[in-house]
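Comments concern the structure below.
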Amino acid sequence: MTATAALSTTASFSLRDPSLLPIQNGGGKTFDVLDPAASDEDGTAVIAKVHAMSQDDAKQMIQKSADALKPWRDDTTAFLRSQVLTKWSNLIKDNADDIATIMTMESGKPLAESKGEVAYGVSFLDYYAGEAIRPSSAGGGFIAPSPFTTDTGAPKGKIMAVQEAVGVTAMVTPWNFPIAMITRKVGPALAAGCTAIVKPSELTPLTAIALKVLADRAGVPDGVFELVTSDRESTADVGKEFCINPTIKKISFTGSTPVGKLLMKMSSDTVKRVSLELGGNAAFIVFDDADIDQAVDAAMSSKFRNAGQTCVCADRFLIHHSVEEEFISKLSKQVSQIQVGHGMKEGVTMGPVITKTSVSNIKEKVDKALSEGAELAFGGSPLPALGPNFFEPTIVQNVKPSSLLWCTETFGPVVAITTFDTEEEAIELANDTTSGLASYFCTKDAERIFRVAGRLENGIIGINAGIISSASAPFGGVKESGLGREGSAAGIAEYLETKYMYLNL
């Protein structure tokens with residue numbers, strides 16, 4: 001079985017190239033893909049039906065990927081793999097409007113954000129097309145001085161380290177970045193000579209299907225990049241197969257911390273390489289010497305992108321007490337200008353959260369914080385007139401560090417604020433979490449920049465900026481936010497093994 005989509009009739013969902021979502025009539029189990037900005041009570045939210053693949057289908061895809069490994073790894077040059085990635089990137093760029101439309105319809109993010117993600121997503125293919133032919137990729141390595149000697153004391157032999165593709169890899173990607181989370185994993189894998197099987201989120205499989213169509217057109221060989229589209233019911237079984245199947249040599253997962261821990265445990269029996277990009281609960285510190293206008297701009301871009309549903313979103317705002325009033329006033333003014341609505345509507349700058357359950361969870365956490373003494377500075381409620389999945393941009397101040405709103409990641413458009421007096425207090429509050437993905441702080445003091453950055457327990461730190469991800473930068477967390485890095489030369493290293501050879505010459 002292959003991943004195909006049968007589109008429902010939806011007036012607002014049309015593509016210039018409908019073949020990006022191939023229609024296959026016939027039997028087999030399917031699952032609905034919903035527009036999160038629409039109501040699911042009258043059936044209008046269903047935008048497509050996608051074939052629900054099972055654990056047995058996953059096994060078949062793994063075997064197909066294994067069969068394709070040797071020709072891709074051993075019988076192609078790095079230059080050819082680079083050219084294929086470049087062609088794939090160019091085809092995505094040529095179809096950017098359609099892919100952005102698909103992404104908005106299934107994830108809810110505004111169309112402008114989806115177009116931005118397409119550009120961000122292809123940047124990984126472009127970057128790893130270049131990385132494929134560098135010494136940091138497969139076939140590269142180094143020669144070290146030999147410690148061995150001849151009878152006369154002269155150096156004997158050569159020590160060589162050669163990098164080779166890990167093998168068949170499996171990726172499980174989330175719904176909040178339907179293209180970028182795939183290209184950020186598949187790009188370096190294919191560049192290194194690995195084959196890749198992706199299980200996209202059951203909430204956003206259409207973007208993945210379109211990517212697969214374009215990969216095929218670009219000349220990615222059959223079996224080198226495959227999809228397993230499973231529904232919620234089968235997702236656990238597919239994930240288990242990825243973990244226990246000995247053919248899979250590496251798993252890369254982006255998602256929740258509990259699921260990441262489970263995948264790590266299940267992968268231990270076959271000693272797989274594992275990359276995990278897990279939950280965050282990012283701190284955003286504003287010191288007393290900060291440029292408040294700059295800090296507010298950074299906060300807006302970090303917090304409200306994708307309605308606050310990113311793993312690096314600022315969640316916990318620590319504001320120096322002397323600038324709290326100014327910061328909240330200026331932030332509230334900008335938040336009031338956010339246009340909430342359907343992502344396909346012109347002028348909309350924030351869409352829905354992904355499900356009704358998300359709305360309920362956000363509301364519950366906000367209400368609990370208020371009952372504990374926090375104060376509402378802006379928003380605080382769902383927006384049922386727009387649809388069941390909308391929640392207004394919200395600012396809550398005087399949040400207690402013991403509050404659920406503070407202690408746990410809130411995947412939604414909520415700013416939780418507390419104040420601090422000293423730098424030491426801010427650092428302690430920021431580090432008081434099991435997560436360690438991203439953090440942000442704003443200051444004009446150069447000495448403080450290096451002092452605070454050195455003490456924050458995070459894999460990613462933004463200083464006077466709210467959007468910091470890039471294909472050329474290593475992305476990943478510490479503590480319970482994961483293992484490994486994506487992006488930069490460190491990203492391709494995740495798909496390489498190092499083989500040591502001693503040549504007695």
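General remarks:
- Filter result (within 28 Å of the chain's Cα centre (by Cα), modelled with pLDDT under 90 and more than 21 Å from S230 (Cβ to Cβ)) within segment 1-46: S12, F13, S14, S39
- Hits in segment 285-301 - residues which are touching a Lys or Arg at 6+ places or on another chain (Cβ under 9 Å) and acidic (D, E): D289, D291, D293
- Unique residue being of a type in the set (A, V, I, L, M, F, W, C), in contact (Cβ under 8 Å) with a residue 40 or more places away in the chain, touching a Lys or Arg at 6+ places or on another chain (Cβ under 6 Å) and closer than 27 Å to E106 by Cα when the list is A58, A52: A52
- Residue pairs meeting the criteria (Cβ under 7 Å; at least 6 apart or on separate chains; first in contact (Cβ under 8 Å) with a residue 24 or more places away in the chain, in segment 110-122; second of a type in the set (G, A, S) and open to solvent by 10 Å² or more (accessible area, probe 1.4 Å)): V118/A96
- Just one residue in the set K240, K265, K249 is over 18 Å from T169 (Cβ atoms), open to solvent by 50 Å² or more (accessible area, probe 1.4 Å) and not hydrophobic (A, V, I, L, M, F, W, C); that residue is K265.
- Candidates are the residues of segment 411-430 that are part of a loop (DSSP other than H, G, I, E, B) and modelled with pLDDT of 95 or more; the one that is surrounded by the most Cβ atoms within 10 Å (Cβ to Cβ) is P413.
- Some residue of segment 297-314 being in contact with an Asp or Glu (Cβ under 9 Å, 6 or more places away or on another chain), modelled with pLDDT of 95 or more, among the small types (G, A, S) and on the phi < 0 side of the Ramachandran plot: no
- Residues of segment 431-461 satisfying the condition of being in contact (Cβ under 8 Å) with a residue 60 or more places away in the chain and in a strand (DSSP E or B): A438, S439, Y440, F441, C442, I460
- Qualifying residue in segment 97-109 (condition: touching a helix residue (DSSP H, G or I) at 6+ places or on another chain (Cβ under 8 Å), of a type in the set (G, A, S) and more than 23 Å from A471 (Cβ to Cβ)): yes
- Among the candidates G193, G167, G223, G187, the residue that is open to solvent by less than 10 Å² (accessible area, probe 1.4 Å) and over 19 Å from K64 (Cβ atoms) is uniquely G187.
- Those residues of segment 164-183 which are within 24 Å of E113 (Cα to Cα) and in a loop (DSSP other than H, G, I, E, B), in sequence order: T173, P174, W175, N176, F177, P178, I179
- Taking the criterion of being polar (S, T, N, Q), at pLDDT 95 or above and within 30 Å of S146 (Cβ to Cβ), the only residue of segment 466-505 that qualifies is T498.
- The residues of segment 254-283 that are assigned to a helix (DSSP H, G or I), among the hydrophobic types (A, V, I, L, M, F, W, C) and either out of contact with any Gly (no Cβ under 7 Å at 6 or more places or on another chain) or within 22 Å of C407 (Cα to Cα) (or both), listed by number, are V259, L262, M264, M266.
- Taken together, A196, A215, A161 contain a single residue that is part of a strand (DSSP E or B), of a type in the set (A, V, I, L, M, F, W, C), closer than 27 Å to S54 by Cβ and touching a residue at least 60 places away in the same chain (Cβ under 8 Å), which is A196.
- Residue-level check: of (1) open to solvent by 30 Å² or more (accessible area, probe 1.4 Å); (2) closer than 21 Å to P205 by Cβ; (3) modelled with pLDDT of 95 or more, K49 misses just (3).
- In segment 56-69, the residue that is farthest from the chain's Cα centre (by Cα) out of those that are buried (at least 19 other Cβ atoms within 10 Å of the Cβ) and not hydrophobic (A, V, I, L, M, F, W, C) is D57.
- Which listed residue is farther than 20 Å from S107 by Cα and either touching an Asp or Glu at 6+ places or on another chain (Cβ under 7 Å) or modelled with pLDDT of 95 or more (or both), from L383, L318: L318
- Some residue of segment 471-485 being more than 25 Å from the chain's Cα centre (by Cα) and either small (G, A, S) or within 24 Å of G108 (Cα to Cα) (or both): no
- Pair list, Cβ under 7 Å, 6 or more apart: segment 462-474 residue more than 11 Å from A299 (Cα to Cα), other residue open to solvent by less than 30 Å² (accessible area, probe 1.4 Å) and polar (S, T, N, Q): S472/S488; A473/S488; P474/S488
The values are calculated or read from the model by the stated rules, or taken from the named source; none is laboratory data. All values reported here derive from a predicted model rather than from experimental measurement. Ideal geometry is used to build each Cβ from the backbone, glycine not excepted, and the neighbour counts take in all protein chains shown. Ligands, DNA and RNA are excluded from the accessible area calculation, which covers all protein heavy atoms including side chains. Shrake-Rupley method; radii C 1.70, N 1.55, O 1.52, S 1.80 Å.
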